[in-house]
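See structure below.
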Amino acid sequence: MVNGVLAADLVLYAVLFPLSVYNFITHRWTGVLAWYYLSFFCGLRVVSGALGVSSDDSLVANILIGVGTSPLILAVDGLIHEARAYRNPNQKKWLGWGVIYIVTGVVAVGVALSVTGALQIYRGHPKSNSYTHWEAGTALMVVVWVLEVLWASFSLLSSQALREAPRYRDGTILLYSSMIALIFLGIRVIYALIAVCTQRRDLSPVYGTTAVRVVLMFLPEAFSVLVIIFAGFMTGRRSGKA
């Protein structure tokens, strides 16, 4: 049954990867962060899907499934950055880049902790702090998700002057799309935290039921990516420097 979900990953993201790359090309520098991370996420899912299909017990595939959401979170952060650049070209750019640095740093720490703890556990040689590291890393992803929700909500604030910006509409589309994607991402990261903290086998991203893995892992990620890619097609006409 694991192979069925991973096979779906492989097929879906093999199709979405070139679409993400297309958006990367059409959005250029203003959207480089969003589309780079989204393309990376799709590529990562293709790799994990291929590894999982070839072997149910692939350690690398299982680790990638567990922590592979991080590039998607960073893609949403980049999408908000692009949206802000379109909605308010005269904004103080240090604020947007400051948020990006903070989010990227927290995600990096979270991934490092999660991979370290999960790797030791999956190998069957857990240390006394392995579960603590895994839980802390997963919790940091939830913290980043909360920060992104707050940042996107703050970025919705605008004035009549800002609405006269040439690409205000494009920025608004990207911003609302990022918020929709965050709804699905919230399901994914909260589920991951519950699964790690409870250690219930039926909620496990590896050994859990097919329904759990489809509804709480595959579909939230897929819907997030589809929403972002669709928004990219609607807005990727011109380019500029953020």
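The values are calculated or read from the model by the stated rules, or taken from the named source; none is laboratory data. Since the model is a prediction, treat every value here as computed from it, not as a measurement. Positions of Cβ are backbone-derived with ideal geometry, glycine not excepted, and every protein chain shown enters the neighbour counts.
Looking at segment 172-183, can you tell me whether even one residue there is farther than 18 Å from ILE228 by Cβ and at pLDDT 90 or above?
No - not one qualifying residue is present in segment 172-183.
Quick one: in segment 52-106, which of the residues that are over 24 Å from ILE183 (Cα atoms) and in contact with a Gly (Cβ under 6 Å, 6 or more places away or on another chain) is modelled with the lowest pLDDT?
Once the filter is applied, the top-ranked residue is SER58.
Name the residue that is nearest to the chain's Cα centre (by Cα), counting only residues in segment 64-104 that are farther than 17 Å from HIS27 by Cα and of a type in the set (D, E, K, R).
Among those that are farther than 17 Å from HIS27 by Cα and of a type in the set (D, E, K, R), it is LYS93.
Mind listing just one residue for me: the one in segment 119-143 that is charged (D, E, K, R) and at pLDDT 75 or above and, of those, farthest from GLY105 (Cα to Cα)?
The selected residue is LYS127.
Suppose we filter LEU64, LEU16, LEU95 for residues that are part of a helix (DSSP H, G or I) and touching a residue at least 40 places away in the same chain (Cβ under 8 Å); which single one remains?
Exactly one residue qualifies, and that residue is LEU16.
Please work out if ILE173 is crowded, with 16+ Cβ neighbours inside 10 Å and in contact with a Pro (Cβ under 6 Å, 6 or more places away or on another chain).
In short, no.
Hey, among the residues in segment 198-242 that are buried (at least 19 other Cβ atoms within 10 Å of the Cβ) and among the polar types (S, T, N, Q), which one's modelled with the highest pLDDT?
Step by step, filter segment 198-242, then rank; the result is SER224.
Of the residues VAL11, VAL47, which single one is surrounded by fewer than 20 Cβ atoms within 10 Å (Cβ to Cβ), more than 20 Å from ILE73 (Cα to Cα) and modelled with pLDDT of 85 or more?
Testing whether each residue is surrounded by fewer than 20 Cβ atoms within 10 Å (Cβ to Cβ), more than 20 Å from ILE73 (Cα to Cα) and modelled with pLDDT of 85 or more leaves just VAL11.
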